[in-house]
Amino acid sequence: MEQRISPANNADLKADKHVSKVNKTRKRSRFKTYWPYVVMCIPGLAYLFINNYMPIAGLTIAFRNIDYSIGIFNSPWCGFDNFRFLFSTSDAAIITRNTLCYNIFFIFLNTICAVAVAIMLNEIKNKAMLRIYQSSVLLPHLISMVVVAYLVYAALAVDTGFINKSILEPLGFKGIDWYTEPKYWPFILPLVNLWKNIGFLCVIYFAAIIGISNDYFEAAVLDGASKWQQIIHITLPLIKPTVITMVLLAIGRIFYSDFGLFYQVPLDSGMLYSTTNVIDTYVYRALIKIGDIGMASAAGFFQSIVGFALVMISNLVVRKIDPDKALF
Amino acid sequence: MDTKMTGFRIFSNIVLILLSLSCLIPFILLITSSLSSETSLIRYGYSLFPKEWSTKAYEFLWLRRVMLLRGYGITILITTVGTVISLLITSMLSYSISRKNFPFAKAISFIVFFTMLFNGGLVPTYLVYTQIIGIKNTLFGLLIPGLLMNGFNVLIMKSFFKENIPDEIIESASIDGANQFRIFFQIVIPLSYPILATIGLLVAVGYWNDWYNGFIYLTDTSLYNIQSILNRMLSDIRFIATNPVGGSLSAAITANMPSVSIRMAIAVIAAFPLVIVYAFFQKYFVKGITIGAVKG
């Protein structure tokens, strides 16, 4: 822009200078008011830096040929070699397939069961009973996966397990060698996962159902709607946003799995890897047990990047459906 | 509200009773199995109604009490210290970014939020903590990785502060001459007990149940917390006898170890404190989950 020097403009310039001076002092005085906030942020930000941002920077090791003797961050670059090795094994396909298939199955099973149970909980008007039901189904959510592994072991152990000894054998069947037969695990793991998580999901859906105004149901009853019709035409449509959000959040996590569920519950049994190995357990075994850091980091990188893309996509969809529920 | 028993209500009650039982029975099986005699376990397996009761497993665990109490001591220490530090750094960070007159609030919120979307995963995290920070085989390995703070809790607390701590309170306090730190600790914190209790409970349960950090960052068994001991015994039941912490056992005692019932007794010992706490404070647990869900 062309500036013509005129007395008026000159005065403007002077005024500008003055304003900027005022701004500067105002900025300084404002810093005086907010510096305690900066101080209070420091410990938390330092933690995020170490715990989250340094590992993100560390993702680049997937492109290095790691040599511990010269240090991880001095090791030479090797391009996509680690990925080429990873995807030339049959493991890559198996772990990706297992991770995706289990998660899709979990989403269907958990959502349907949790919504059904939440609707039934809403039917219980006796406060004491409601509390007993709710706390019973929530109990598995509060124990660690290792304890769950012990519970599953008590049920499935070959020679002392509850299912073999108290159910199959008295009925005249032969006991099943659960921990060496991969074909049963695509059913066992979803059941264990459902058992562990249904209480948590129920509490969420139940809260959504309680939020529905009673007027709807009363009006429906006056119009002669049956229980079933009330569920189909009132409850389900009104909790749909919550369900969709929860499902999309789960889809965003579809590339990740619960390490404890897939590692501890099958007791890390090598015979079961074909149906229990997922990306998380693969990365752990490659890193800690085998010490193949190249493979581990390549699989981890793959998971982080695809996982990130899926979170972004599912959030985009949430925002389309219900902007309030979107993460951003 | 109608209270008559309709068909659907009866059906719901039946399903919920069955579901509740299926959630509780495994725990009962755990207890009865731990109280069965070794011979009846070997013949009849883990069962809800043991043919022969026995406290042998617990007697054996009593011999190893030094090791188990040490594990509990470490669990309690890490849970307490971790929860306190976590609440402190989480609340300070969330409070700062909840204030309108803090110009970096938006940028810092994004830094926090981004950690929820993207993470480096196990390999780089492990390498950062072991190669750069050097916490392998220290108690910091149980305390710091992953559990100390997470973006989710920060954002939940931030929205609590935004809605419940109006700027007017802060302003009037600072006109009265209180500095920001005094305002935070003497006004904001006491007004925020509900959210601190809820988040604190979630963090404490996270620490109490954590076996993963011990699994990844500890090879020194003398630093094991109770979940790590439990985890180790899942693959190696003799660990209870062979671990040098608390003195070694004579060969005769080790050979006669009732390993089938011990497996269940150790799980009872590790799981039950939390189950009992849950029985008394279940209201707060439910509230914690609902608060998390509203935001999630």
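The values are calculated or read from the model by the stated rules, or taken from the named source; none is laboratory data. Because the structure is a prediction, the values reported are computed rather than measured. Here Cβ is always computed from backbone atoms with ideal geometry, including for glycine, and neighbour counts include all displayed protein chains. Note: accessible area is taken over every heavy atom of the protein model, side chains too, but ligands, DNA and RNA are not part of it. Shrake-Rupley method; radii C 1.70, N 1.55, O 1.52, S 1.80 Å.
Summary table
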| read-out | value |
| --- | --- |
| Matching option when the condition is open to solvent by 20 Å² or more (accessible area, probe 1.4 Å), closer than 25 Å to B:Ile31 by Cα and either free of Cβ contacts under 8 Å to residues at least 60 places away in the same chain or within 7 Å of another protein chain (Cβ to nearest Cβ) (or both), among A:Ile132, A:Ile143 | A:Ile132 |
| Selection from the stretch A:136-190 of residues that are under 30 Å from A:Phe200 (Cα atoms), in a loop (DSSP other than H, G, I, E, B) and small (Gly, Ala, Ser) | A:Ser144, A:Ala157, A:Gly161 |
| Residue pairs meeting the criteria (Cβ under 6 Å; at least 6 apart or on separate chains; first at the interface with another protein chain (Cβ under 7 Å from one of its Cβ atoms), in the stretch B:202-230; second among the aromatic types (Phe, Trp, Tyr) and buried (at least 23 other Cβ atoms within 10 Å of the Cβ)) | B:Gln227/B:Trp211 |
| Spans of helices (runs of 4 or more DSSP H) in the stretch A:211-310 with at least 1 residues within 11 Å of chain B (Cβ to nearest Cβ) | A:214-222, A:227-230, A:236-252, A:259-263, A:279-284 |
| Residue check for A:Trp195: open to solvent by 40 Å² or more (accessible area, probe 1.4 Å), touching a Ser or Thr at 6+ places or on another chain (Cβ under 8 Å) and either in a helix (DSSP H, G or I) or in the same structural domain as A:His233 (by TED's automatic domain parsing) (or both) | yes |
| Per-region count, the stretch A:224-272, residues under 11 Å from the mean Cα position of the chain (by Cα) and among the charged types (D, E, K, R) | 2 |
| Cross-chain or 6+ apart pairs with Cβ under 7 Å, the stretch B:16-41 first and closer than 15 Å to B:Val260 by Cβ and at the interface with chain A (Cβ under 7 Å from one of its Cβ atoms), then open to solvent by 10 Å² or more (accessible area, probe 1.4 Å) and in a helix (DSSP H, G or I) | B:Leu29/A:Phe162; B:Leu30/A:Leu151; B:Leu30/B:Val268; B:Leu41/B:Val260 |
| From A:Gly252, A:Gly300, A:Gly291, residue being within 20 Å of A:Thr89 (Cα to Cα) and surrounded by fewer than 24 Cβ atoms within 10 Å (Cβ to Cβ) | A:Gly291 |
| Test: A:Lys127 is within 30 Å of A:Gln230 (Cα to Cα), open to solvent by 60 Å² or more (accessible area, probe 1.4 Å) and within 14 Å of another protein chain (Cβ to nearest Cβ) | yes |
| Pairs where the first residue, in the stretch B:103-114, is modelled with pLDDT under 95 and the second is not in a helix (DSSP H, G or I), C-beta under 8 Å, 6+ apart | B:Ala105/B:Arg99; B:Phe113/A:Leu327; B:Phe113/A:Phe328 |
| Only listed residue being surrounded by 17 or more Cβ atoms within 10 Å (Cβ to Cβ) and touching a Phe, Trp or Tyr at 6+ places or on another chain (Cβ under 6 Å), chosen from B:Ile195, B:Ile269 | B:Ile195 |
